[in-house]
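One structure is given here, and the rest of the page talks about it.
Where a number appears in this text, it was derived from the coordinates with a stated rule and is not lab data. Computed from a predicted structure; not experimentally measured. So basically every Cβ, Gly included, is an ideal-geometry build from the backbone, and we count neighbours across all protein chains shown.
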Amino acid sequence: MVLRSVASRLALGVLLGSAIVLIVTGGLMLSHTREQMLEQTRREAAAIAESASSRIHGRIDGVARVVRVLAGQVGTRHAQAATLIRDALTVNPEIAEIGAAFVPRAGQAHDGEAPTARRKVGGAVVMGSHLTDPQPYWTSPWFIQGLNCDEGCWQPPERRGIPLDAQVRYSMAIPGQAVPVQGVVDATIRLDWLQALLGSLDKPAHASAFVLDRDGEFLAHDWTSYVGTRASRPLLSAVTEGRTPVRITPEEGGRVSEPVWVAFVPIRGTRWTIGLTMPEREVLADLRRTYLVDLVLGMLALMGVSLIALAITRRLMAPLTVLADRAENVAQGDLDFALPEVRRDDEVGRLTRAFDQMRHQLAGHIDTARRTAREQERIASELEIARQIQLALLPAPHWLDGDGRIELHAALRPASAVGGDLYTYFALGARHVCVMVGDVSDKGIPAALFMARTVTLARTLATHARSPSDILQALNRELCKGNDTCMFVTLLCGVVETGTGLLTLASAGHEQPVLRAGDSAVLVDVETGPALGLDPEARYPVRVLSLLGGDTLLMYTDGVSEAHAGNQRLYGTDALLESVARVEDDATPETYVERVLRDVDNYVEGALAYDDIAVLAITWHDSGTEGARLDAVAHS
Amino acid sequence: MSLSIRSESPQPSRSTVWLEGRLDAATYLEFDDAMRDVTPMVDSGGTLVLDLSALDYISSAGLRSLALLRKQMRDRDGRTLLLNPQPQVKKVFDIVKAVPVAEVFASVAELDQYLDHIQRQMTAPGG
């Protein structure tokens, strides 16, 4: 597709736009030039016609003068009429025949009353008389009309057979002494000279000339077949109205085969009109030719301009083409390519440089992103290891003591890879078991580290203690050391005497545990001390209760009681109690843990866990012991 | 839900910060940042009052922020007093005891009374 390139589109646009401008201005110029050419043609034609008119006038004026002189002479020298006309004919070669005819006296014409002198073909002058005319001359129309021509006038042409042999007669009345007129002098000229004159006119090759008489008949015409015929109506009306030049078309009834322009002028001293006919095609042929040449030249020039535009644009756009290709490379992720060396300071230069910079920056960003991704991968793998280490800090989720009296089950579900919730249990001496569930204030790695510290410390410190209160106090003191970040852990610590099921509880700001005894589930109200790690002087009261066979104590973190999804209400202890109460009798601690976790999962409907979760259930199996439940609170 | 924090320090000895929304693992950093700007305005030995009447929820992470703030103030001989927590927040304070119960007040009057008492103790000869 050629037109996909900006350069070719620009070149084509330039070509089309200029062509439109050229055609429009050319059309206007053509119309203007046409007017000018027509005007020039008219002036030219008028000049030719004028000059022809003067020549004709000069010739016929001579004839008229001869006739006038003769009329005056024969008026007084009646008897010498024949001599006079013969002499006049002899010295005026343009005249074909001269006659003098007198009004017959007493109705009878005499010899010598109507002499004529005629030039023969050879040039010799022959005398004759009107008396030999077939019709008595005094009744002929030419004579009667001539009598009325005091000032002389041209008679309609007379044709003898063939039109080209036409003659016209100039008549003038002979003034008399007693009567106003006594006869007519007339001179006849042949019209072939007129025809010859038209032919000799210095007119354009394609033009034809004509002479019209007062009746609208062609006296002479370059197209000889027109001689003696009547001119067309549009031409006659134009002559009558003096509209020159006039355009005459075949459709209007003109006797022409194509549109012509006719210019004409009247011939002085006659009622004739001389005109020039020029075919419009010929008049405008030059113009059309010029216009066509101009158009072709213009088109060539335009094509040249377009080619130059194409070349320049190509040259200017060449770096852009490369840039476009390179941008496609970038889109495909390939940033390693060479850009053309551009020293220009124009937009293309700036674009190229910016593109280069962008490419490098992009490469940098991609590199950074790759490194970040690798880093994240590394962190993720480290976290996974940390998670395994953290889980390794915890004892197995299930434990049954040697006597089978205490069974416990725990679960830990960090919200992220590692978390701050913890559970642990361990034997204290031979007859006690310590269980703990805790929650570090915060999540993630800091919480996990604090948790690790707590669990490790707890095991170490607890070996020398028997009361959860002591354990918590010792642990608290240790955790307060150097705890500038004010991390803290809430911890519920219980110590069960394996032989009796006596349970001692102490809480460091932790959630109250749930006791399932019989069919009911209740919160065990343990008065809490401050969370561990904040106040080194803190004291932790204990709550003592005696477990009966099948009793289960559920310890958990706020990941359970405060579970929620989005803006949902918190799961709450009521729901937890209900969940625990619904567990069937004699269920294992594992069932409790699973049930609670399942109910929490159902509540948040698969939403991502918001907080770490730790749950620990401990069941006291002693069907043989039916002691009363001992419930006591002791303060350390 | 998020946390919005507004503070006012009409006098160098006492600044009040209003908390609204939730102070939890998602917002505590914002709180810590905001407090870094507020605590320097309080003179040594001054009082920072946190008005918690519009605080809907506080998590352990939030408690840690409060504890940290209290510790920082105490390091400069200042006090951090909590005003008018909503019941659920108060309950968390009661359970976790991350801040001393004595520094939580139900009303401004109670708080002022406490401050008066402190001041009298400090100014009383031999007090």
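Over region B:1-116, the alpha carbon radius of gyration divided by the compact-protein estimate 2.2 N^0.38 Å works out to 0.95.
Just in region A:40-125: which trypsin sites (Lys or Arg not before Pro) are loop by DSSP and have at most 14 other Cβ atoms within 10 Å?
The qualifying sites are A:77, A:120.
Put in order of Cβ neighbour count within 10 Å, fewest first, the listed residues A:493, A:434, A:486 become A:486, A:434, A:493.
Against chain B, whose longest principal axis comes from its Cα atoms, helix B:108-123 is set at around 40 degrees.
Do any of A:481/B:90; A:481/B:71; B:71/B:97 go past 22 Å between their Cα atoms, and which? Over 22 Å Cα-Cα: A:481/B:90.
Only bridges whose two residues both fall in region B:3-123 count here: according to DSSP, what percent of them are antiparallel, nearest 5?
Details: 7 of 23 bridges.
Approximately 30 percent, going by the DSSP bridge assignments.
Ignoring GluC sites (Glu not before Pro) that are buried or in helix or strand per DSSP, and keeping those with at most 12 other beta carbon atoms within 10 Å, what is the longest stretch of chain A between them? Don't jump to the answer; show the numbers that get you there.
On the way: sites that count: A:151, A:341, A:537, A:584, A:605, A:626.
Maximal segment without exposed cleavage sites: A:342-536.
Near residue A:326, once Lys and Arg are set to +1 and Asp and Glu to -1 for all other residues with Cβ below 14 Å from its Cβ, the sum equals -4.
Largest GNM mean-square fluctuation across B:27, B:80, B:16, computed for chain B with C-alpha springs under 10 Å, falls on B:27. Loop-resident trypsin sites (Lys or Arg not before Pro) (DSSP state other than H, G, I, E or B) in region A:517-599 with no more than 14 further Cβ atoms inside 10 Å of their Cβ: A:539, A:569. Each Cα pair under 8 Å and six or more residues apart adds its separation to the average, and for chain A the resulting relative contact order is 10 percent.
For residue A:37, project a label point 7 Å along Cα to C-beta. Then give me every residue of region A:200-222 with its amide nitrogen under 18 Å of that point. A:204-208, by backbone N distance to the label point. Shape class for region A:394-634: oblate, because the ratio a/c of the largest to smallest gyration tensor axis (alpha-carbon atoms, square roots of eigenvalues) is 1.5 or more and b/c is at least a/b. The sum of -39500 (n - 2.57) across all DSSP H runs of n ≥ 4, divided by the residue count of the protein assembly as shown, sets its helix-only mean residue ellipticity at 222 nm to -14500 deg cm²/dmol. Pairs of Cα atoms in the protein assembly as shown fall into 20 Å distance bins, from 0 up to the last occupied one, in shares of 12, 22, 12, 8, 7, 8, 10, 11, 7, 1 percent.
Among the trypsin sites (Lys or Arg not before Pro) within region A:335-366, those in coil by DSSP and having at most 14 neighbouring Cβ atoms inside 10 Å are A:343, A:344.
Indicate the gyration tensor shape class of region A:517-587 (rounded, prolate or oblate), computed on the Cα atoms with a ≥ b ≥ c the square roots of the eigenvalues: a/c under 1.5 is rounded; otherwise a/b larger than b/c is prolate and the rest oblate.
Working: a/c = 3.15, a/b = 1.16, b/c = 2.71.
The shape class here is oblate.
Principal-axis analysis of the Cα atoms of chain A puts helix A:572-582 at an angle of about 60° to the longest axis. Distance from the alpha carbon centroid of region A:265-300 to that of region A:424-484 works out to 122 angstrom.
So how do A:5, B:60 line up by other beta-carbon neighbours within 10 Å, fewest first? Walk me through the numbers before you get to the answer.
Numbers: A:5 15, B:60 30.
Ordered by Cβ neighbours within 10 Å, fewest first: A:5, B:60.
With Rh defined as the Kirkwood radius, the inverse of the mean 1/r over Cα pairs, the Rg/Rh of region A:220-326 is 1.49.
With +1 assigned to the C-beta of every Lys and Arg and -1 to the C-beta of every Asp and Glu, and no other charges, what is the dipole magnitude of region A:208-260 about the Cα centre in debye, to the nearest 20?
Details: 6 positive and 8 negative charges, 16 e Å.
That gives a dipole near 80 debye.
Of all DSSP beta bridges confined to the protein assembly as shown, the antiparallel ones make up roughly 85%.
For region A:308-409, the fraction of C-alpha pairs more than 20 angstrom apart is 64%.
Taking 4.7 Å between C-beta atoms as the pairing limit, the protein assembly as shown has these partnerless cysteines: A:434, A:480, A:486, A:493.
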